[in-house]
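Below is one structure, written out as C-alpha cells, with a few remarks after it.
The values are calculated or read from the model by the stated rules, or taken from the named source; none is laboratory data. Given the structure is predicted, the values throughout are model-derived calculations rather than measurements. When we count neighbours, we look across all protein chains shown, and the Cβ atoms used for this are built from the backbone with ideal geometry, even at glycine.
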Amino acid sequence: MCPDVEILSSFYDDELEDSQRQIVKTHVDSCPHCQKKMAELGLISAAIHAEEEPDFQMAKVNTWNNIMDIIDREEQKATKVNFWQRRFQISFPAAAALVAAFIAVLSFSVITFYMGKHTTSSPASPELNMTDASDTLLNDDDNIFDSSAIEFDIPATISNFVHAGEPLLIKEVDFRSNNGKK
Amino acid sequence: MDDKTKKTFFEKIYNEIFPIVIKVSYHITKDMDAAQDVCQDAFIKLYHRVENFPGVEDAKFWLIRVVKNLSFNYLEHEKVKNRAFDKMKHIPSFTDDTGEKQLLKKEAEEKVNQALEQLPENLKAPIILREFGGMNYKEIGAALGISESNVKIRIFRAREALGKLLPVGEVYVP
C-alpha cells in the first residue's frame, strides 16, 4: 500500500524518522506511482527555484552600511543633551567654598537687617516730642521690638504757619508784604 | 553588555541571518528594495534589544518572524495601493528579448509568482522558509510559533496547492 502524499512530502524534505524513512525509501524504490509523485514534488521545487535571483551579496553590504549609519545617528542624537538637562561636575573644595560663602553672606545680611531695625526706630524729626517714647524703649526691655510700645506726641498745630497748601516760606513772605502794605 | 560586545554580537547575527531573511523577504514581497527596507528595519529593531537574546538561534527565530510579518504587511499595503492598477499590471509587455528560451523562462517565472501569490499567508510562509530559507521543520515551527507537525501539514498543503496552480509539465524548468 502506497504512503500518503503528506508522508512523501516529508520524505522529500528528509524529515522522517530513521525507521519510517527506511520503510518509505524501500517502497518508493519499487513503486512507479510513488516515484511519479516524488518527481512531481521535485518539479514544483525546481519551478519555485527557477526564477533568477537578485544579487543578495550586494544587498548584504548595502544594508549593513545603512544600518550602521542609522545606529550611529541614533546614538549621536541620544548623547546630545539639552542645556537644562546637562550634568555638570564641581570639585569638593569648590563646593565647600561656595557653601561657606553662602553662609557668610546670609549671616551678614541677617545681622545688618536687625541692626538696621534698631537704628531706624528713632525718628529724626525735630517737631516730634520723642522724650516719652525713648524713655519707654530704654526702660522696658521686653518690649524692645514691639512697635506698639512706642508713643509719639504729635502737636495739634504748628505755630507761625498757616496750612494753605503752598510752600510755607513763600506764604510767610506774602503775609509780611501784605502786612507792610496795610 | 558593553557597546563593543553588543556590536560584535550583532554583526555575528547579521552575517549569519541576513542571507536567509533577505531571501525570505524578497520571495514574499517580490521587490528587492522593499526586501532590503524590511530587513533593515528588522535588524535595527533587533539591535535595540540584542542583549535580550541569549544566542544567535533565538535572535534568528525572532528575526525571521519579524521579517515575515513586515513583508506580509508590505504586501498587503501594496495590494491596497495598486488595486486600481492591477489590470494594467497584468498586460503582457513587449520585450526586446525574442529568444524562445528566455520567453519560456519569463512565462514560467510569471506563473510561479502568480501561483505563490495565490497561496494564503499560512501556507506561503512555511514553504518559503523551507525552499528559500533552507530551514528544517523544527526551525520553521520555532520561527512561526507553530508545532512541527503543523509545519509538516502546511508544507504539504502548500505543495498540493502549487501542484494544482502549476500543472507540472506545462511549466518550463530550466
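Each row is one residue, and each column tells you yes or no for (1) surrounded by 16 or more Cβ atoms within 10 Å (Cβ to Cβ); (2) more than 8 Å from every other protein chain (Cβ to nearest Cβ).
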{"position": "A:GLU17", "(1), (2)": "no, yes"}
{"position": "A:GLN22", "(1), (2)": "no, yes"}
{"position": "A:HIS33", "(1), (2)": "no, yes"}
{"position": "A:ILE44", "(1), (2)": "yes, no"}
{"position": "A:ILE48", "(1), (2)": "yes, no"}
{"position": "A:GLU53", "(1), (2)": "no, no"}
{"position": "A:ALA59", "(1), (2)": "yes, no"}
{"position": "A:ASP72", "(1), (2)": "no, yes"}
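Selection over the range A:17-60 of residues that are acidic (Asp, Glu) and closer than 28 Å to B:LYS111 by Cβ gives a count of 5.
For (1) in a helix (DSSP H, G or I); (2) modelled with pLDDT of 80 or more; (3) touching a helix residue (DSSP H, G or I) at 6+ places or on another chain (Cβ under 7 Å), each residue gets a yes or a no:
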site: B:GLU76; (1), (2), (3): yes, yes, no
site: B:LYS81; (1), (2), (3): yes, no, no
site: B:ALA84; (1), (2), (3): yes, no, no
site: B:ASP96; (1), (2), (3): no, no, no
site: B:GLN114; (1), (2), (3): yes, yes, no
site: B:LEU123; (1), (2), (3): yes, yes, yes
site: B:LEU129; (1), (2), (3): yes, yes, yes
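Could you tell me whether the range A:36-45 includes any residue that is outside any helix (DSSP H, G or I) and either over 28 Å from B:ASN113 (Cβ atoms) or over 60 Å from the mean Cα position of the chain (by Cα) (or both)? Reasoning before the result, please.
Our first condition is that a residue be outside any helix (DSSP H, G or I); within the range A:36-45, this holds for none.
For the range A:36-45, residues outside any helix (DSSP H, G or I) and either over 28 Å from B:ASN113 (Cβ atoms) or over 60 Å from the mean Cα position of the chain (by Cα) (or both): absent.
A:GLN89 meets all of the listed conditions (1) more than 7 Å from chain B (Cβ to nearest Cβ); (2) within 26 Å of B:ILE128 (Cβ to Cβ); (3) not in a helix (DSSP H, G or I) but one, namely (2). Note on the range B:98-140: residues that are within 13 Å of another protein chain (Cβ to nearest Cβ), more than 13 Å from the chain's Cα centre (by Cα) and over 28 Å from B:ASP58 (Cβ atoms) amount to 13.
Screening A:ASN65 on (1) under 57 Å from the mean Cα position of the chain (by Cα); (2) within 9 Å of chain B (Cβ to nearest Cβ) shows it passes everything except condition (2).
Within the range B:141-158, being more than 10 Å from every other protein chain (Cβ to nearest Cβ), of a type in the set (A, V, I, L, M) and crowded, with 19+ Cβ neighbours inside 10 Å holds for B:ALA142, B:ALA143, B:LEU144. Does B:ILE64 satisfy being touching a helix residue (DSSP H, G or I) at 6+ places or on another chain (Cβ under 7 Å), at pLDDT 90 or above and either outside the structural domain of B:TYR14 (by TED's automatic domain parsing) or surrounded by 11 or more Cβ atoms within 10 Å (Cβ to Cβ) (or both)? Taking the combined requirement at face value, the residue satisfies it.
Yes/no matrix, rows are residues, columns are (1) in contact with a Ser or Thr (Cβ under 6 Å, 6 or more places away or on another chain); (2) among the charged types (D, E, K, R); (3) facing chain A (nearest Cβ under 10 Å):
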site: B:THR5; (1), (2), (3): no, no, no
site: B:ILE17; (1), (2), (3): no, no, no
site: B:ASP33; (1), (2), (3): no, yes, yes
site: B:CYS39; (1), (2), (3): yes, no, yes
site: B:ILE64; (1), (2), (3): no, no, no
site: B:PHE72; (1), (2), (3): no, no, no
site: B:LYS81; (1), (2), (3): no, yes, no
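I'm trying to understand the selection: among the residues of the range B:23-56, which are of a type in the set (S, T, N, Q) and out of contact with any Phe, Trp or Tyr (no Cβ under 7 Å at 6 or more places or on another chain)? Those that are of a type in the set (S, T, N, Q) and out of contact with any Phe, Trp or Tyr (no Cβ under 7 Å at 6 or more places or on another chain): B:SER25, B:GLN36, B:GLN40, B:ASN52.
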